[in-house]
Each structure stands twice: as structure tokens, then as C-alpha cells.
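Enquirer: One structure follows; several queries about it will come next.
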Amino acid sequence: MITLTGVTKTYRSGDIETAALKSIDLEIAEGEFAVILGPSGSGKSTLLNVISGLDTVTSGKISFRGKELTGLSESGMTRFRRQYLGFIFQQYNLLQNLTVYENIQIGSDIGTDPLDIDELLLKIGLEKTRNKYPSQLSGGEQQRVSVARSLAKNPAVIFCDEPTGSLDEANSKNVLKLLQELNREYRKTIVIITHNTGISEMSDKVIKMNSGKIVDITINPTKKDAK
Ligand code: ADP
Ligand code: ADP
């Protein structure tokens, strides 16, 4: 589904160059649940950002369902991201002056084939919070709203950067279950940066990075259920 060939990313600031990605080859299959692991500074965020078109590559190619993305104009890239990609970050980025329903509607409005918001609220167990504001919700509920928002436009791929990073254990488990459901029931491809071993255990593939390179890819034969 997503193919990276010889992708490099070099940041330049003044005379200083940082090779954040060094000739990355990677294949993410349709419906796959892939985890990216690695120490701080190893290039995980940069990898996620270039795959998802938040940042450009320095060289190399990225294609999506056979179509080359590198080379798309900025507006072409924006259209592509709107149509196909969902994002979940550690920060929930909810708009405080909008209700849960309205926050999710923002996600739904930019989709070409959006999901029904009330159905989604029911599915994610947020129906009782429909008309509440973010400040009236727990951290776990807020993260579920942000998951619902990213799902509402019905994207093909969901990118996550430490989605459980600021959650306690109970709420992390809810988000884990939700990610598994997105992967299994909604057949979403998931690419996720996380140190949460519970998430690695339920993934199809663990991609390990170090110093801008992929140093190991492990296919998970014993994919576990979210507990
Ligand atoms: P990780 O997500 O694994 O912590 P990053 O992808 O954030 O790693 O960073 C990889 C390398 O690229 C690091 O050395 C980091 O300092 C550098 N880097 C990341 N973003 C920028 C930027 N905007 N400008 C300059 N250097 C950057
Ligand atoms: P980290 O090393 O924890 O990944 P970074 O400095 O790379 O932190 O990024 C800061 C945070 O901003 C990350 O959590 C990243 O996912 C998030 N982020 C990056 N781009 C966006 C965006 N367009 N919208 C919202 N959050 C973003």
C-alpha cells in the first residue's frame, strides 16, 4: 500500500546538517498494523512525517497504492492527506469551545466519504458525552474524541505518534482496544510510534530504527488481542 524506496531526509540549519533518514526502504501493506520503535532521535517522527506527507523527503520515492506521492504539488499533497490519512497525536488538539460532536464533525467535514458521527460515538462509547465540552471530559475520553475525529472522515491509513503517551494505564487500555478495532473492524492500516509494549504485542510488524536507519523488522506471528 505504502512503499518507500531509498528515502533520505536531511535537515539543514546553517552549516549543520542532520541526516534524520538514511536511505530507507519500507513496505506497509493494506490493513497492516505497524509499530515504529527506536531511541529518541533515531528518526521515528521524521519517518512518520514523510510517509504522511507532513514533511518532504530530501531524496527517494514514496508511493501510495501505486501512485507516486513525492512530486505532488503542495495542494495535491494536502488533498491526498485530507482524503486518505488520519492522525492521532499525544496531544488531543481538541477545540475547547466546540462540543464533542462538533469536534468530530470537523474531521468528518473534510472527508469525501465520512462515517456517521452518532454511530461512531456509540461505537467508541462516547454517546453520553455528545454535547459536552472537552474540559468536561477525562483525558482518556478526550483521546477517544480525538481518535473519533481522525476516524470520522473514514481515512485509509491512521498515523499515531505516542497516542497513549499522556494516559494512565486504564485509559491506555481503552485506546489500545480502539486501535485494534479500527484495524480489524474498519480495516484501517495503522502506522504508530509507541513505546507501549501492549501495542507492539498486538501489531503485525515492528519496525526498529536507530540513527536514521531501519535496523530490524520483526513480523509478529503471535498477534495478541488487546486486553
Ligand atoms: P525520534 O522521533 O526518533 O525522536 P526525530 O525524527 O524527531 O527522531 O529526529 C531525528 C533526527 O533529526 C534527530 O537528530 C533530530 O534532532 C533531527 N531533527 C528532527 N527534526 C528536525 C528539524 N526540524 N530540524 C533539524 N533537525 C531535526
Ligand atoms: P517527539 O520527539 O515527542 O515525537 P517532536 O518534536 O518530533 O516530538 O514533535 C512534537 C509533537 O508535535 C509530536 O507529538 C508530533 O507528533 C506533533 N505534531 C507534528 N506535526 C503535527 C501536526 N501537523 N499537527 C499536530 N501535531 C503535530
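Enquirer: Mind listing P(r) for region 73-173? All alpha-carbon pairs, 10 Å bins, whole percents.
Expert: The percentages, shortest bin first, are 16, 48, 30, 6, 0.
Enquirer: As a test of reading the structure, rank R144, R12 by solvent-accessible area (1.4 Å probe, protein chains only), most first. All intermediate terms of the calculation are to be shown ahead of the outcome.
Expert: Numbers: R144 40, R12 155 Å².
Result, largest first: R12, R144.
Enquirer: Could you tell me how many cubic angstrom of Cα convex hull volume the chain has per residue? Could the numbers behind the result be given before it?
Expert: On the way: hull volume 29.8 nm³, N = 227.
Cα-based convex hull of the chain, divided per residue, equals 131 Å³.
Enquirer: In addition: Quick one: which residues, 5 or more positions from K205 or on another chain, have an amide H under 5 Å from its amide H? H modelled 1.01 Å from N in the peptide plane, none for Pro or chain starts.
Expert: Close amide H contacts, sequence-distant or interchain: F33, V35, N220.
Enquirer: So, by mean Cβ neighbours within 10 angstrom, what's the order for 74-80, 132-138, 32-38 with the highest one leading? Present the calculation step by step, with values, prior to reporting the outcome.
Expert: Numbers: 74-80: 12.4, 132-138: 14.7, 32-38: 22.3.
Peptide ranking by packing, descending: 32-38, 132-138, 74-80.
Enquirer: If you stretched the chain out fully between Q91 and A29, how much longer would it get, using 0.36 nm times the residue separation minus the C-alpha to C-alpha distance?
Expert: Working: separation 62, 0.36 × 62 = 22.32 nm, distance 2.73 nm.
Length difference between fully extended and current span is 19.6 nm.
Enquirer: Still on this model: Apply the Karplus parameterisation 6.51 cos²θ - 1.76 cosθ + 1.60, with θ equal to phi minus 60°, to every residue of region 31-37 and state each ³J(HN,Hα) to the nearest whole Hz, in sequence, with x for glycine and proline.
Expert: Result, rounded to whole Hz: x, 7, 10, 10, 10, 10, 10.
Enquirer: Rounded to whole Å and ordered largest first, report the semi-axes of the equivalent ellipsoid of region 134-227 derived from its Cα gyration tensor (root of 5λ).
Expert: Details: eigenvalues 107, 45, 37 Å².
Semi-axes from the Cα gyration tensor: 23, 15, 14 Å.
Enquirer: Next up: How many percent of the alpha carbon pairs in region 117-182 exceed a separation of 21 Å? Mind dumping the intermediate values first?
Expert: On the way: 388 of 2145 pairs.
In whole percent, the long-distance tail amounts to 18.
Enquirer: Right, next: With labels modelled as points extended 7 Å from the Cα through the Cβ direction, what inter-label distance (nm, one decimal) is found for F80 paired with E102?
Expert: Inter-label distance under the simple model: 3.4 nm.
Enquirer: Can you give the three extents of the C-alpha atoms in region 2-62 along their principal axes, from longest to shortest, in whole Å?
Expert: Dimensions of region 2-62 along the principal axes of its Cα atoms: 42, 25, 18 Å.
Enquirer: How far is it, in nm, from the label point at S63 to the one at E17 when both lie 7 Å from their Cα along the line to the Cβ?
Expert: Distance between label points: 2.8 nm.
The values are calculated or read from the model by the stated rules, or taken from the named source; none is laboratory data. Treat the numbers as computed from the prediction; the structure is a model and nothing was measured. All Cβ positions, glycine included, derive from the backbone under ideal geometry; neighbour counts span all protein chains shown. Surface areas here come from the heavy atoms of the whole protein model, side chains and all, with no ligands, DNA or RNA. Shrake-Rupley method; radii C 1.70, N 1.55, O 1.52, S 1.80 Å.
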